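Let me begin by presenting the structure, written as C-alpha cells, before commenting on it.
The values are calculated or read from the model by the stated rules, or taken from the named source; none is laboratory data. None of these values were measured; they are calculated from a predicted model. Here the Cβ positions follow ideal geometry from the backbone for every residue, glycine too, while neighbour counts run over all protein chains shown.
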Amino acid sequence: MGRLVDGKWESGWQKPNAKGTFERTTTQFRSKISAEKGGEFPAEAGRYHLYVSHACPWAHRTILTRALRGLEDAVTMTVVDPHMGEDGWPFADSDPDPVFGAKYLREIYLRANPRYTGSVTVPVLWDTKNATIVNNESREVMRMLDVEMNAFAKNSVTLAPPDLRAKIDEVLDAIYAPINNGVYRAGFAATQEAYEDACRTLFAELGKWEKILSGQRFTCGNVFTEADIALFTTLIRFDVVYYAHFKCNVHRIQDLPSLWGFLRDVYQRPDVKRNVRFDHIKTHYYWSQENVNPRRLVPLGPTIDFDAPHDRTRFA
C-alpha cells in the first residue's frame, strides 16, 4: 500500500495500533467547490477531474453520484488499475492519466504538495485550472457533486434534498465507523480481540439496519439519497469480498432479507448497475492485500443474482 512521507514514497502496509486495531488515517485535502461566485474553486463544467477506483467503496460513492446526477460530461474521470502493489495505485494502460501522464497516483498528490505526508487514496477531486487537489474526502466530494455542481447536472433529482440533509448526515455518521469502516477493522485486525470486537459491532449495526429497512425503502425514509449510496457501496462488496476475505462471516447480506432487498433495489438502477465492476473489486482486494491474502489467489466465485426481483417498491 505505502504512503508518502515528506514527499518521499515509503512502501508497506499501515501498522495496527498496540491493541491490533486498524485505524484509518484522516484525509487532508478538504477544500470545497462552490456554486457561489468569487470562491477559490467555483463550480464550472469541464474544470474538475475525478481520480477513482472501481474497487474502492469510498471512490465508488463519487462514481455513482456523478453518474446518477448526470455529471459525466461536466466532470471527467480516470480509473486507476485495481492491482495496487508496492508503489500504490497505478494508472492502467487502458485508462492513462490524461492530466500529467502520471504512472502512479502518488504523482498527482505530489503535484498538489511536493512535501506531502500521508496516505495516497481515492477519490481525488482535481482542479485543472489551479493544478491542485480540491478534496479527497469521499463524503464531501459526493455532496459537492450533488449540490454545488447542480447547474450542470442532467438529472434534476438531487441526492441531498435540503429538508433531508440533517437526516442524511446523521445516517452517514451512524454507518461510517461500525459498517463502512467496520469491515476494514475486522479484515485488517492483528489480534483475535480486535477482530472480534470489530466483527460483533459490525453485525450488531447491520442488525439495526435490517430492522429499520423492514419498515421503509431507504435509509432516510422512502427517498433515495447519498446515505443509500454510502451503505450500498459497502453492501455490494460484502458477500463478494468481505464475507470471506475479511472474515465478516457471521451472516451474508443474502441472509438478511431487508438489507438484501435494499441492495438489489439500489443495484438494479441502470446508472448504478453499469458502474459496478466486480472484476475490479475482487482483483483489488484479493490480489493487492497481501497482508490478508499472501498468495494473491483471486477466487472464481461467488455467484450471486443481484438481478433477482425484490419487493422494495411496496414502500413507494
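Odds and ends about this structure:
- Set Asp163, Asp169: member being farther than 17 Å from Thr62 by Cα and surrounded by fewer than 18 Cβ atoms within 10 Å (Cβ to Cβ): Asp163
- Look at region 82-106: where a residue is assigned by TED's automatic domain parsing to the domain that holds Tyr285 and in contact (Cβ under 8 Å) with a residue 60 or more places away in the chain, no partner that is surrounded by fewer than 19 Cβ atoms within 10 Å (Cβ to Cβ) and not hydroxyl-bearing (Ser, Thr, Tyr) sits 6+ places away or on another chain with Cβ atoms under 7 Å.
- Number of the condition not met by Thr27 [criteria: (1) in a loop (DSSP other than H, G, I, E, B); (2) in contact with a Phe, Trp or Tyr (Cβ under 6 Å, 6 or more places away or on another chain)]: (2)
- Qualifying residue in region 53-69 (condition: in the same structural domain as Asp127 (by TED's automatic domain parsing), within 19 Å of the chain's Cα centre (by Cα) and more than 20 Å from Thr233 (Cβ to Cβ)): no
To keep it simple, each residue is scored yes or no on (1) more than 25 Å from Gly70 (Cβ to Cβ); (2) in the same structural domain as Gly88 (by TED's automatic domain parsing); (3) surrounded by 15 or more Cβ atoms within 10 Å (Cβ to Cβ).
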{"position": "Leu235", "(1), (2), (3)": "no, no, yes"}
{"position": "Ala244", "(1), (2), (3)": "yes, no, yes"}
{"position": "Arg252", "(1), (2), (3)": "yes, no, yes"}
{"position": "Lys273", "(1), (2), (3)": "no, no, no"}
{"position": "Asp279", "(1), (2), (3)": "yes, no, no"}
{"position": "Pro294", "(1), (2), (3)": "yes, no, no"}
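- Within region 171-244, helices (runs of 4 or more DSSP H) holding 2 or more residues that are free of Cβ contacts under 8 Å to residues at least 40 places away in the same chain and within 18 Å of the chain's Cα centre (by Cα): 226-237
- Set Ala45, Ala55: member being surrounded by fewer than 20 Cβ atoms within 10 Å (Cβ to Cβ), modelled with pLDDT of 95 or more and not in a helix (DSSP H, G or I): Ala45
- Flag: Thr201 does not match the condition of being of a type in the set (Ser, Thr, Tyr), surrounded by fewer than 17 Cβ atoms within 10 Å (Cβ to Cβ) and either modelled with pLDDT under 95 or under 17 Å from Met77 (Cβ atoms) (or both).
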